[in-house]
1. Would you check which residues across the stretch 132-155 are surrounded by fewer than 22 Cβ atoms within 10 Å (Cβ to Cβ), within 23 Å of Met83 (Cα to Cα) and hydrophobic (A, V, I, L, M, F, W, C) and list them?
2. Find the residue count for the stretch 165-196, including only residues that are in a helix (DSSP H, G or I), farther than 21 Å from Met103 by Cβ and either out of contact with any strand residue (DSSP E or B) (no Cβ under 7 Å at 6 or more places or on another chain) or among the small types (Gly, Ala, Ser) (or both).
3. How many of the residues making up the stretch 48-73 are within 19 Å of the chain's Cα centre (by Cα), closer than 20 Å to Val4 by Cβ and either of a type in the set (Val, Ile, Thr) or buried (at least 22 other Cβ atoms within 10 Å of the Cβ) (or both)?
4. Would you check if there is a residue in the stretch 153-175 being touching a helix residue (DSSP H, G or I) at 6+ places or on another chain (Cβ under 6 Å) and more than 30 Å from Ala73 (Cβ to Cβ)?
5. With (1) in a helix (DSSP H, G or I); (2) among the polar types (S, T, N, Q); (3) touching a Gly at 6+ places or on another chain (Cβ under 7 Å) as the list, and Ser122 as the residue in question, which single condition is left unmet?
6. Polar (S, T, N, Q), modelled with pLDDT of 95 or more and crowded, with 20+ Cβ neighbours inside 10 Å: does that describe Ser109?
7. Please enumerate the residues belonging to the stretch 282-300 that are of a type outside the set (D, E, K, R), closer than 18 Å to Ala70 by Cα and at pLDDT below 90.
8. How many of the residues in the stretch 10-47 are over 19 Å from the mean Cα position of the chain (by Cα), in a helix (DSSP H, G or I) and in contact (Cβ under 8 Å) with a residue 60 or more places away in the chain?
Amino acid sequence: VDVVYVMTPDEMHAAHTIMAAEQGKQVILDKPMGLTLDECDAIIEATERNGTRVLVGHSQSLDLPNLKMAEIANSGRLGKVVMMHTMFYSDWIYRPRAKEELMQDRGGSIVRRQGPIQVDISRMIGGGRVRSVRARTNIVDPDRPIDGSFMAFLDFEEGHTATITYDGYGHFNSAELTFGYTLQGQQMDPALHVNTRRRTAAFADAEAEEAYKDSTRYGGSLERSIEHPVSPDRRHAFFGLTLVSCERGDMRQTPTGLIIHGDDGNEEVDLPAGPGYNRRYCSIEVDEMCRAVRTDTPVRIHDAHWGKATQEVVLGIIQSSDERREVFMQHQVPYTGQGVE
């Protein structure tokens, strides 16, 4: 075994990654990197001492359209980035959850579970170095006592800004703004959010909900049956809507890539990927780790220091909301990603 993919509950990420590093294994680590910055530091220390690599897999931030937007934004092709907005409206809070997912101190909440994806997208496009955060988180349903929505304002060192919005309470579906395509690149089911709420409300107790959740995990009895049919012409997936404004144009995702609204009109940027079209989640992370191991070079995307910087922003969102003030960052690193190959 050369590489271990750590996808255990968030509170175990640091211990399991350090354990793998002590055995000389490379690690692809699911988000978030650690529950605290101290845990992130412990991971960095263990991997550097043992000469191993960590790639913090934040899934949807590595979707091809997001990588391409980051490449264009950082190349200066459209001039400097001015501002960006990324937003996602889903039914996350009412999907079946394990007990720890509904406990703030064990890593539950929209901010900790989903925030790293949007922070990664924003940092990738914005060059990586967030100066400060101002945010507000919300607990709307006392029966699901975790942050279920948030809004954040990121101020970058270079002077551009980003707003991040996530609402997981299952009312509006942001697929209505993304050509009808959803998180998995599927056609939107208009009844999805209502059905999700009804299913969760029907569970007899927390144990029944967790049992159902377990059945949908990898290897579970319902792993395949809960999937929705994929569009026959296969489209890129959407983690909500991301709109980037630069000095000489704006850009956003489309089902087949990107569209750039420039000074002289619109430009379609097609992003077919052959047999890998619609590839997501583990594939790009695995490919990059394999490349790094085979060439004996560092990973080019989302290494341990990047993962810590993203988690610093996530924790800053929580702190800013709790204290109702701007929170300044101290551990940010620049984006040096690979773009689209």
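The values are calculated or read from the model by the stated rules, or taken from the named source; none is laboratory data. The shown structure was predicted, so the numbers you read here are calculated from the model rather than taken from an experiment. Neighbour counts are summed over all protein chains in view; Cβ atoms, including those assigned to glycine, are modelled from backbone coordinates with ideal geometry.
1. Met151, Phe153
2. Kept after step one, since they are in a helix (DSSP H, G or I), are these residues of the stretch 165-196: 174-177, 192-196.
When the remaining residues are screened for being farther than 21 Å from Met103 by Cβ, the result is 174-177, 192-195.
Okay, now just the ones that are also either out of contact with any strand residue (DSSP E or B) (no Cβ under 7 Å at 6 or more places or on another chain) or among the small types (Gly, Ala, Ser) (or both), so 174-176, 192-195.
Matching residues across the stretch 165-196 total 7.
3. The initial filter retains those residues of the stretch 48-73 that are within 19 Å of the chain's Cα centre (by Cα), namely 54-71, 73.
Now restrict to residues that are closer than 20 Å to Val4 by Cβ: 54-59, 62.
From the residues that got through so far, the ones that are either of a type in the set (Val, Ile, Thr) or buried (at least 22 other Cβ atoms within 10 Å of the Cβ) (or both) too are 54-58, 62.
The number of residues fulfilling the criteria is 6.
4. yes
5. In the conditions (1) in a helix (DSSP H, G or I); (2) among the polar types (S, T, N, Q); (3) touching a Gly at 6+ places or on another chain (Cβ under 7 Å), Ser122 misses (3) alone.
6. Values: polar (S, T, N, Q): yes; modelled with pLDDT of 95 or more: no; crowded, with 20+ Cβ neighbours inside 10 Å: yes.
Criteria not met by Ser109.
7. Going through the stretch 282-300, the residues of a type outside the set (D, E, K, R) turn out to be 282-284, 286, 289-290, 292-293, 295, 297-299.
Those left that are additionally closer than 18 Å to Ala70 by Cα: 284, 299.
The one that is of a type outside the set (D, E, K, R), closer than 18 Å to Ala70 by Cα and at pLDDT below 90: Ile284.
8. 4
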